[in-house]
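Trainee: Input: one structure, supplied below.
The values are calculated or read from the model by the stated rules, or taken from the named source; none is laboratory data. The model shown is predicted, which means the values in this text are computed figures rather than measured ones. Cβ coordinates were reconstructed from backbone atoms using ideal geometry, including for glycine residues, and neighbour counts include every protein chain displayed. Keep in mind that these areas ignore ligands, DNA and RNA; they rest on the heavy atoms of the full protein, side chains included. Shrake-Rupley method; radii C 1.70, N 1.55, O 1.52, S 1.80 Å.
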Amino acid sequence: MVVIERTHILTSLQFLLSLVKIYVIGLFFLISTGALSATVIASLNKNIVVENEVVQLSIRTDFPDTGSGPDLSSLKRDFDILGQSQNSQFRFNLGTTQALNFWVINLMPKSVGKIEIPKIKVGEYQSESLILEVKNAPQLLDENGNPPVMLKMHSSEPQPYLQQQVILTMALYTSVALQNANISTPNHANLVIERLVDDQSHSEMINGTTYQVRTRQYLAFPQVSGQLDLPPQTISAMINTNAGRRIIKVQSLPISLNILPIPASYSNDYWLPADNVQISSSLTPTTNAHIGDTLTWKIEIRAKGALPEQIPPIAFSSTADYKLYPQPAKFSSQKTSNGIIGNQSLVIEVVPTREGVITLPSIEIPFWNVEDRILEVASTESIDLSILPLVNQSNNQTAIQKSHNENNAIQQENSQPISLAKPKVQPKANTQNIGVELEVTEPSNSSILKILAIASLFAVTLVSVITIWIKKRKKTLLDDEKIPTIKDFAPVTALDEASAYAQLIHCCRANRLSQLRGNLLEWARLRWGDENILGLEDIKRLSNSQEITQLIMESELSMYSDKATSQWNGQALADALEEHISGVPKSSSSDKLKTLYPNF
């Protein structure tokens, strides 16, 4: 009985030891399997490449938790990452699962020499570092000794003036097909650059090689004077060679521009460099214009080689002969391979206020001829126009003249000598129905005198009545044309000119467009008197400042535009008013240079 119990105990112990061995072996197997699978292996398809050749980096992992994939940030210093792909696999063996992940990254070395590919981290693990050797690539030349790709750039003017048009031309020469081409765009902090026209293509033979040439043009406007260096432009593309696909990089030569300042002999406030400026002016109608009629004065300005925003504004003031009501100017441009042509169109409504000959002023625009490098002035002749009186007044004069003619005819008829002879009896017609007898009596001298006296009295009375009526009519018209002064309906609230001026400057600095008109009129009335101020047009005329006139016109456009009034900025108007009052310029003429494309 004792022997049986001991045997049973030994059997139980052996069974427990077997379970422990199996557990230990299984645990060791799991640990070793996990340790073996948690690896990151990196490899290159080539260890030695030439410049501009693509190399492939492969990464393999044996664990499932790879996070967001390989961390490639350490490669960006020495390589351009052209693209990557990923593949995953799962293996099942004797109840175990193994996850395999593969990444293939296409790299382009940035330099030659030996480059270390650092350790690539995937999840919590990382690979070993690698060494890649990059050698200088032999120049690609065809059988004629010509490169397959060339990039050239030149400028239309090496010494342009400030804000003068410069045409930059880039020409791409290719004798092979390009894939995934990427060409740079000219850019500089002191240049305003925009595309000129669409690309142009043509064929050209150079040293026995036929090239397809694609030309691209840009407009550039220098914003500062002095030396300006435009860096080389580059193009990178994939091409097919005998050794396989290869990325080629080509760059042009740099361009240096010597920007000339505004000449000292140019004294105008607005700097306009252009090849040529033309002005056309027309007025319609030119005949049968009466007082109060609305005439249309059209002005067209074309500046070759300048943007429409560079053309100075045109402003005229109303006079005692006419009132002017200008409409907002319209800007447009035309682009050709020879450059840009800026157009500014202005329509002004002219209302004559007196009869006789009135004269619309000539138009003059100074500009700097960049070809001849001299100061020129584009101008038009003044326009003379004969204005007829008011339509009602003209009709009255016509009626008076007609009445005078009728009276003269009556007087001539009555003044003829009266014949005392019996009038000849006309032969009677052969009628049987008429049996009336006519008795002819001769007028006496007293009757004739009475008729003459009555006719003369009637004529004198008629002329007097018409004359009195015309005088009253003229007086009524003059009373109707009398415009009440601003004093009649808007009394001044400021104490004196100084306080009104302070309120005006504060209004401009605070950009309060809704209060600008009232403040301007109040200050102007205290400065020039109520009898001289009827509206903003009088302020433009009396200030005799082209800058103030332009800024007031811009504020009027903002008042009546659809845009929010908060976009108006009154700082420039405040500066112009302070300069006008003090007589001291607030900035130099170069500071007043108009900025092209302020929102560029």
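Trainee: Amide H of Lys323 versus every other amide H placed in the peptide plane: which residues, excluding those fewer than 5 positions away on the same chain, fall under 5 Å?
Mentor: Here Val351, Thr353 satisfy the definition.
Trainee: Does region 269-369 classify as rounded, prolate or oblate by the C-alpha gyration tensor (a ≥ b ≥ c root eigenvalues; a/c under 1.5 gives rounded; else a/b over b/c gives prolate, otherwise oblate)?
Mentor: Prolate.
Trainee: Here is a follow-up. Would you calculate the separation in nanometres between label points at Ile48 and Gln278, each defined as 7 Å from the Cα along the Cα-to-beta-carbon direction?
Mentor: 6.9
Trainee: Can you give the accessible area of Glu133 in Å² (nearest 10), computed on protein heavy atoms with a 1.4 Å probe?
Mentor: Near enough 60 Å² of accessible area.
Trainee: Counting only residues 5 or more places away or on other chains, whose amide H sits under 5 Å from the amide H of Ala38 once H atoms are built in the peptide plane?
Mentor: Residues meeting the amide H criterion: none.
Trainee: Something else now. I'd like the carbon and sulfur percentage of the solvent accessible area for region 234-374, probe radius 1.4 Å, heavy atoms only, ligands and nucleic acids excluded.
Mentor: Carbon and sulfur: 48 percent of the exposed surface of region 234-374.
Trainee: Of Thr284, Gly342, Pro328, which is farthest towards the positive pole of region 254-375's charge dipole, taken about the Cα centre with +1 and -1 on the beta-carbons of Lys, Arg and Asp, Glu respectively?
Mentor: The listed residue farthest towards the positive side: Gly342.
Trainee: Amide H of Leu272: which non-local residues (sequence gap of 5 or more, or other chain) have their own amide H closer than 5 Å, using H built in the peptide plane?
Mentor: Answer set, sorted by chain and number: Trp368.
Trainee: From the protein chains alone at 1.4 Å, what is the descending order of accessible area for His580, His290, largest first?
Mentor: Working: His580 55, His290 35 Å².
The ranking, largest first, comes out as His580, His290.
Trainee: Report the calculated FRET efficiency for Gln98 and Ala137 (r = Cβ-Cβ distance, R0 = 41 Å), to the nearest 0.05. Mind showing how you got there, number by number?
Mentor: Values: r = 42 Å, r/R0 = 1.02.
Between Gln98 and Ala137 the formula returns 0.50.
Trainee: Quote the accessible area belonging to Leu172 in square angstrom, nearest 10, computed with a 1.4 Å probe and with ligands, DNA and RNA left uncounted.
Mentor: The accessible area comes out at roughly 30 Å².
Trainee: Assuming 0.36 nm per residue, please report the length gained on full extension of the stretch Ala177 to Ala455 beyond their Cα-Cα distance.
Mentor: Net length gain for the segment: 89.3 nm.
Trainee: Order Phe458, Phe79, Phe102, most accessible first, counting only protein heavy atoms with a 1.4 angstrom probe.
Mentor: Phe458, Phe102, Phe79
Trainee: I've got another one for you. Among the listed pairs Lys76/Lys135; Lys323/Lys471; Lys304/Lys540; Lys46/Lys121, which have their C-alpha atoms separated by more than 23 angstrom in this model?
Mentor: Working: Lys76/Lys135 19 Å; Lys323/Lys471 26 Å; Lys304/Lys540 30 Å; Lys46/Lys121 21 Å.
Beyond 23 Å: Lys323/Lys471; Lys304/Lys540.
Trainee: Hey, what do the phi angles of region 50-55 turn into as Karplus ³J(HN,Hα) couplings, whole Hz, using 6.51/-1.76/1.60 and θ = phi - 60°, x for Gly and Pro?
Mentor: My calculation for region 50-55 gives 9, 4, 6, 9, 7, 10 Hz in order.
Trainee: Same structure, new question: Residue by residue, what Karplus-based ³J(HN,Hα) values in Hz, rounded to whole numbers, does region 540-556 have, using 6.51, -1.76 and 1.60 with θ = phi - 60° and x for Gly and Pro?
Mentor: Values per residue, Gly and Pro as x: 4, 5, 6, 5, 6, 10, 5, 5, 5, 4, 5, 5, 5, 4, 5, 5, 5 Hz.
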